[in-house]
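Step one of this worksheet: look at the structure below.
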Amino acid sequence: MNDLISLKKIPLFSTLSLEQLASIDRLLLTRRYLKGEEILRTGDLKPELHVIVEGEVRLHHDGGGRQLTLAHLGPGGFLGEMTLFANQPRPSSVQAVTDCVVRVLRKDRFEAIVHEHPEVLVEVIKHLCGRLRQADEQLQGVTLPAPAQEEQTAAAG
C-alpha cells in the first residue's frame, strides 16, 4: 500500500485511482542507486521512463572535459519520456546526487498503460510542454550580437 501512496504523490499518476495505480505498480521495476552512481549515460538506447521516488538526481551534458548541469530532480520528477517516443539515443546523462529509489517503466509497458489510462499521456505531454517552455526561456536569455556587429562580421569575412 505504501508503494501505491508514493505513486499517487507523483504528478504523472496523481489523477489515477488506487485500483489503477495497483495495475501500473505491477508493471514498474524498482531500481536503487547509490550517491554518485551513474543512472543513465548520454547515447544510451534504453526507451525507459524513470520516476524518482526517493532521493535526487542530476541531469547533465559532458563535453570538452566539462559538465553542464541541466536540472536536478527529486521525488515525483521523471525523465526519459523523450526516449519513449523518439527512438533516439539519450541526450544527457543522469547521476544520483543522493541514494535514490527509481521506478522504471519500459516502452512496451508504458504503451500498455497509456492504452488503458490515456490521462497518463496527458500528464507526459504537459511535462514536455513545460520543458519546451523552459528551454525557450533559457534561449531568450542568451545575448545575441547587435545588428551592427553582425554586419561588421559579415563584411570582414
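The values are calculated or read from the model by the stated rules, or taken from the named source; none is laboratory data. Only a predicted model underlies this, so the values are computations on that prediction, with no experimental measurement involved. Please note: Cβ atoms are built from the backbone with ideal geometry, for glycine as well, and neighbour counts cover all protein chains shown.
When you look at Ile10, is it in a helix (DSSP H, G or I) and modelled with pLDDT under 85, yes or no? Judged against the criteria, Ile10 is not a match.
So, Gly76, is that one free of Cβ contacts under 8 Å to residues at least 40 places away in the same chain, within 17 Å of Ser14 (Cβ to Cβ) and either among the small types (Gly, Ala, Ser) or not in a loop (DSSP other than H, G, I, E, B) (or both) or not? Steps first, answer last, please.
Working: free of Cβ contacts under 8 Å to residues at least 40 places away in the same chain: no; within 17 Å of Ser14 (Cβ to Cβ): yes; either among the small types (Gly, Ala, Ser) or not in a loop (DSSP other than H, G, I, E, B) (or both): yes.
No; evaluated as a whole, the condition is false for this residue.
Looking at region 101-112, can you tell me whether even one residue there is assigned to a loop (DSSP other than H, G, I, E, B), among the basic types (Lys, Arg) and under 19 Å from His127 (Cα atoms)? So far as region 101-112 goes, no, none of its residues is assigned to a loop (DSSP other than H, G, I, E, B), among the basic types (Lys, Arg) and under 19 Å from His127 (Cα atoms). Taking region 79-100 as the range and being touching a residue at least 24 places away in the same chain (Cβ under 8 Å) and in a helix (DSSP H, G or I) as the test, the residues that pass are Glu81, Met82, Thr83, Leu84. Would you point out the residue of region 81-126, among those that are within 21 Å of Ser14 (Cβ to Cβ) and of a type in the set (Asp, Glu), that is surrounded by the most Cβ atoms within 10 Å (Cβ to Cβ)? Of everything passing the filter in region 81-126, Glu81 is surrounded by the most Cβ atoms within 10 Å (Cβ to Cβ).
With respect to the conditions (1) at pLDDT 90 or above; (2) in contact with a strand residue (DSSP E or B) (Cβ under 8 Å, 6 or more places away or on another chain), Thr98 falls short on a single one, namely (2).
In the set (1) at pLDDT 90 or above; (2) out of contact with any Ser or Thr (no Cβ under 8 Å at 6 or more places or on another chain), Glu38 fails one condition alone, (2).
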